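S.K.: I'd like to ask some things about the structure below.
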Amino acid sequence: MSRVVRIQTNFSSGEIDPLLRARVDLAQYYNALQTAENVVVQPQGGVKRRDGLKYITELPAAANPQSGVRLIPFEFSATDSYMFALVNQRIYIFRDKALITNINGSGNDYLAVSAVTSAMLEKIRHAQSADTMILVHEDLTPLSIVRGANNSSWTVSAITFTNAPVHAFSFSTSNPSATLTPSGTSGAITLTAGSGVFSSGNVNQYINVTSNYGRVRIIEFVSSTVVKGFCEIGLFDTAEIASGGWELEAGYEAAWSGSRGYPVSITFHEGRLYFAGSKSLPTTFWGSVVTNFFDFELGEGLDDQSISATITTASLNEIVDIFSGRDLQIFTTGGEFYIPQSVGEPITPSNLSVKVATRNGAKPGVPVAGLDSGTIFVQRQGKSLNELLFTDAELAYTTAALSLLSGHLLKTPTDMAIRRATSTEESDRLFIVNGEDGSVSVFSLNRAQQVIAPSSFTTDGNFKAVCIDVDDAYAIVNRTVGAFATATVTISNYSNLANGDKVNLIGGDATSHDFTVGSSAGGGTWVAETSNNQTATNLAAQINANAKFSASASGAVVTITQVIGGLASETVVTLTDAGSAGMTKTNFVNGTRSAYFVETLDPTLHTDSAVYSASSSATGAAAHLEGESLDVIVDGNVQADKTVQTGVVTFDRSSTSNYEIGLPFAVSIVTMPVEPRLQSGSIKGFKKRILEVNAEVFETQAMTVNGQLVAFRQFGEDVLDSAVSKFTGVKKIGPLLGFTEEGTITVSQTVPLDLNLLALDYKLSVGI
């Protein structure tokens with residue numbers, strides 16, 4: 001038996017794949033963790049408890065958030081930014097972590113957008129210029145959302161294009177037997193044929209002059225001999241063009257339509273608005289006239305005129321996203337493409353070319369994200385997180401696998417966002433929502449130090465969307481929370497009802513409430529009439545008038561909701577007298593509901609879906625978490641397992657300055673199996689026992705090491721009802737008992753207090 005001293009001075013590799021448990025030959029192994037849950041890796045190398053989530057609002061059930069949600073940022077100015085929460089046919093708008101109400105004076109707390117449905121939200125894309133946000137989807141006429149004169153003034157409308165692109169889906173040419181005389185050589189002109197050769201179907205088709213030079217798009221049918229058009233390529237003169245000297249090109253129609261599909265992606269790049277992909281043209285992209293974003297007329301191919309091009313490869317590469325990076329980058333299901341540009345040279349119709357960058361393919365539904373000179377995307381199968389980079393050494397693009405050591409953290413990605421570092425105390429953070437388990441994988445990135453440090457965020461629920469509003473990280477979280485107790489009364493035989501028959505409700509507060517059949521309404525009575533609907537409605541109205549209950553009627557069934565606190569076992573419905581033969585009842589049962597909450601990461605909070613108040617109080621309101629067991633932090637002291645009753649949490653001790661109420665989450669930090677690299681060789685297969693641990697911490701208040709609670713409150717110095725002091729230094733834990741195969745250290749925390757672990761120094765006993 002021998003003893004070994006091991007020290008891990010940093011955790012800069014973050015959580016790595018279980019497949020690497022045996023890779024002791026990797027340098028990253030010795031700075032890695034096998035579990036990093038609800039922590040972030042600091043750029044200095046330590047791991048810190050993640051921020052809590054502040055509750056903002058609940059998305060109403062009427063908005064059908066369960067069918068799909070999406071978050072989109074809108075930055076109006078350096079000091080004025082917003083967050084859009086898209087649900088079925090609605091957009092909720094947030095500013096400074098608060099919901100904007102009474103949009104456009106409508107009385108609604110949302111912007112009605114009937115064209116945007118739940119089915120679109122996964123693949124909807126956006127781009128912003130100044131006060132205008134543009135939304136695109138293959139089934140959606142491109143929409144503009146414009147901020148008006150103030151925070152609650154917004155307009156939404158379908159974009160009207162000056163000239164929309166056209167495409168010959170069924171191209172054909174003909175040579176009419178007639179002369180053709182133009183009224184001009186450029187711009188809008190009139191063309192007169194020597195005989196009747198035109199029809200109304202020629203609108204948006206082309207006349208191509210073959211005997212000389214020129215190309216005209218027909219914009220108006222006047223008669224069989226006269227059409228009006230626009231010269232996209234100018235004519236030499238207005239002389240009569242001989243029969244056989246011109247041809248009529250047919251088959252052209254709007255490139256985007258309900259039948260052909262609309263663009264799937266959008267970006268602004270060097271003065272143009274670019275659209276890309278559609279159902280019928282999945283490999284085509286279009287660039288607008290320079291500075292005229294809604295004009296896509298091809299014209300004569302001049303440098304500032306619009307652009308249209310198609311990616312041509314051996315296999316179909318359906319466009320997934322288009323991105324303005326070092327170059328204009330196009331992400332498809334089969335590879336990554338770019339439009340090369342010389343230094344200082346813009347993209348023009350004459351120099352445009354499409355080049356292959358790499359051949360990975362991007363996952364539909366997950367937006368790409370830019371970071372410094374790179375562009376991050378999720379590979380087509382959702383198993384790899386990649387970064388597209390241009391290397392000056394090779395003068396070519398390459399792809400780096402950011403998730404090479406942590407592929408297990410990608411679990412069917414559905415959304416992605418990047419938050420840039422705001423200080424030297426944090427790294428850039430890439431958030432990836434995992435559809436498989438509702439977690440968020442967080443990659444702390446420090447390019448200067450070549451650090452990629454992943455961890456995971458979990459909560460009591462499922463993350464559905466993430467997005468960054470400048471510095472603030474927003475999330476939509478689906479939580480299953482308690483619902484008020486409900487019961488039903490069914491009136492099946494009205495002939496058995498008589499005056500004095502009762503429905504008796506005994507509430508959770510043990511009070512009794514009678515609702516009696518009577519000859520007239522009022523005073524807790526309802527009138528038995530021949531109409532089932534009316535009788536049920538009258539009973540519901542009487543119950544609803546009671547402050548401790550609410551009720552609604554559907555046919556003969558009255559559904560009762562108890563709005564006072566209490567367990568289901570403490571609440572009953574009784575029926576008395578003859579009416580019991582004509583009525584049945586179901587006792588109160590506590591239920592649950594699926595709720596979608598908009599929340600933001602907040603470094604001042606230690607719980608999720610949290611409510612904070614800087615006030616003195618004996619209670620705190622948390623109606624959105626009815627029936628849930630919460631943690632309460634009162635003046636810095638933790639009061640655990642407090643249940644919300646009637647929307648309120650009662651404290652064990654009143655706050656004097658502040659309190660926080662929210663859902664608890666657990667922190668787990670587990671080291672890799674110990675491998676001290678002894679001269680005698682590997683110690684795998686040997687029994688190991690951690691004898692003693694020295695944990696270096698910074699401003700930490702609570703933690704447990706291998707099941708042993710670490711003391712942070714100093715008796716004699718700390719008053720028991722005061723906040724736990726933040727400790728910086730070394731905490732010695734031991735002796736620890738028991739041999740294991742791996743010799744790992746688990747640092748955990750279940751109380752909502754600060755934790756910042758910098759290093760672990762421990763003594764290890766190794767036996768055979």
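No value in this document is a laboratory result; all are computed from the given coordinates. Fair warning: this is a prediction, and the values are worked out from it, not measured in the lab. Glycine also receives a Cβ, built like all others from the backbone with ideal geometry; neighbour counts cover every protein chain displayed.
S.K.: Sort Ile506, Ile543 so the one with the fewest other Cβ atoms within 10 Å of its own Cβ comes first. Provide the component values of the computation, followed by the final result.
M.R.: Working: Ile506 17, Ile543 25.
Ranked by crowding around the Cβ, least crowded first: Ile506, Ile543.
S.K.: Rounded to the nearest whole Å³, what is the per residue volume of the convex hull around the Cα atoms of the range 107-160?
M.R.: Details: hull volume 5.3 nm³, N = 54.
So the per-residue hull volume is 99 Å³.
S.K.: In terms of Cα to Cα distance under 25 Å, which lysines are near enough to Lys464, apart from those fewer than 8 places away along the same chain?
M.R.: Cross-link targets: Lys48, Lys54, Lys97, Lys123, Lys363, Lys383, Lys411.
S.K.: If a paramagnetic tag sat 7 Å from the Cα of Leu302 along the Cα-Cβ line, which residues of the range 328-364 would have the backbone N under 15 Å from that point?
M.R.: Answer for this model: 348-350.
S.K.: With angles folded into 0 to 90 degrees, how steeply does helix 532-544 sit against the dominant principal axis of the chain? Use alpha carbons for both and round to 10.
M.R.: Relative to the chain, helix 532-544 is tipped by roughly 60 degrees.
S.K.: Ok, one more. Just subtract the alpha-carbon distance of Arg326 and Asn504 from 0.36 nm times their residue separation and send over the number in nm, one decimal. Mind showing how you got there, number by number?
M.R.: On the way: separation 178, 0.36 × 178 = 64.08 nm, distance 7.27 nm.
Extending this stretch completely gives an extra 56.8 nm.
S.K.: From the P(r) of the range 608-663, could you give the percentage of C-alpha pairs in the tail past 15 Å? Working shown, then result.
M.R.: Details: 495 of 1540 pairs.
Counting pairs separated by more than 15 Å, the tail of P(r) holds 32 percent.
S.K.: Return the distance in nm (one decimal) between the two label points of a simple spin-label model at Phe268 and Thr160, each offset 7 Å from Cα along Cα→Cβ.
M.R.: Going by the 7 Å Cα→Cβ label model, 2.2 nm.
S.K.: Return the FRET efficiency for the residue pair Ala483, Ser554: r is the Cβ-Cβ distance, R0 is 22 Å, and the value is rounded to the nearest 0.05. Show your work: numbers first, answer last.
M.R.: Details: r = 18 Å, r/R0 = 0.82.
The computed FRET efficiency comes out at 0.75.
S.K.: Grab the DSSP H runs of the chain that are 4 residues or longer, score each as -39,500 (n - 2.57), total them, divide by all residues and round the 222 nm result to the nearest 500 deg cm²/dmol.
M.R.: Working: 1 runs with 13 residues, N = 768.
Taken over the chain, the calculation gives -500 deg cm²/dmol.
S.K.: Under a point spin-label approximation (7 Å from Cα along Cα-to-Cβ), what is the Ser373-Leu709 distance to one decimal in nm?
M.R.: Taking the simple label geometry, Ser373 and Leu709 are separated by 5.4 nm.
S.K.: Okay, next question. Lys and Arg at +1, Asp and Glu at -1: add these up for the other residues within a Cβ distance under 9 Å of Asn38 and post the number. Before the final figure, lay out the partial values.
M.R.: Numbers: positive: Arg49, Arg50; negative: Glu37.
Charge balance near Asn38 sits at +1.
S.K.: Straight-line reach from Lys228: which aspartates and glutamates have a Cα under 15 Å away, not including same-chain ones fewer than 8 places off?
M.R.: Lys228 reaches Glu220.
S.K.: Find the eigenvalues of the gyration tensor of the Cα atoms of the chain, then list the square roots of 5 times those eigenvalues as equivalent ellipsoid semi-axes, largest first, in whole angstrom.
M.R.: Numbers: eigenvalues 673, 397, 84 Å².
After diagonalising the Cα gyration tensor, the semi-axes are 58, 45, 20 Å.
S.K.: Shifting gears a bit: Using 0.36 nm times the number of residues separating Ser153 and Thr619, minus their current alpha carbon distance, what extension gain do you get?
M.R.: Additional length available on full extension: 164.1 nm.
S.K.: Roughly speaking, what is the stretch gain from Ala115 to Thr586, that is 0.36 nm per residue apart minus the C-alpha to C-alpha distance, in nm to one decimal? Before the final figure, lay out the partial values.
M.R.: Details: separation 471, 0.36 × 471 = 169.56 nm, distance 4.23 nm.
The span from Ala115 to Thr586 would gain 165.3 nm if fully extended.
S.K.: Lys585: which lysines have alpha carbons under 17 Å from its alpha carbon, excluding same-chain residues fewer than 8 sequence positions away?
M.R.: Lys502
S.K.: Taking amide H atoms as placed 1.01 Å from N in the peptide plane, list the residues 5 or more away in sequence, or in a different chain, whose amide H sits under 5 Å from that of Asn38.
M.R.: Here Ser456, Phe457, Thr458 satisfy the definition.
S.K.: Semi-axes, largest first, in whole Å: what does sqrt of 5 times each Cα gyration tensor eigenvalue give for the range 166-254? Don't skip to the answer; put the middle values down first.
M.R.: Numbers: eigenvalues 61, 39, 33 Å².
For the range 166-254, the semi-axes come out at 17, 14, 13 Å.
S.K.: Hey, quick one: spin label on Glu425, modelled 7 Å out along Cα-Cβ, who in the range 597-623 has an amide N within reach, i.e. under 11 Å?
M.R.: 603-604
S.K.: Sorted by packing (mean other beta-carbon atoms within 10 Å per residue), highest first, where do 465-475, 39-49 land? Please report the intermediate quantities before stating the final value.
M.R.: Details: 465-475: 20.5, 39-49: 23.0.
Peptide ranking by packing, descending: 39-49, 465-475.
S.K.: Take each of the peptides 391-397, 630-636, 101-107, 210-216, average the number of other beta-carbon atoms within 10 Å over its residues, and list them starting from the highest. Could you put the intermediate results ahead of the total?
M.R.: Numbers: 391-397: 10.6, 630-636: 22.3, 101-107: 12.1, 210-216: 16.7.
Most protected by this proxy first, the peptides run 630-636, 210-216, 101-107, 391-397.
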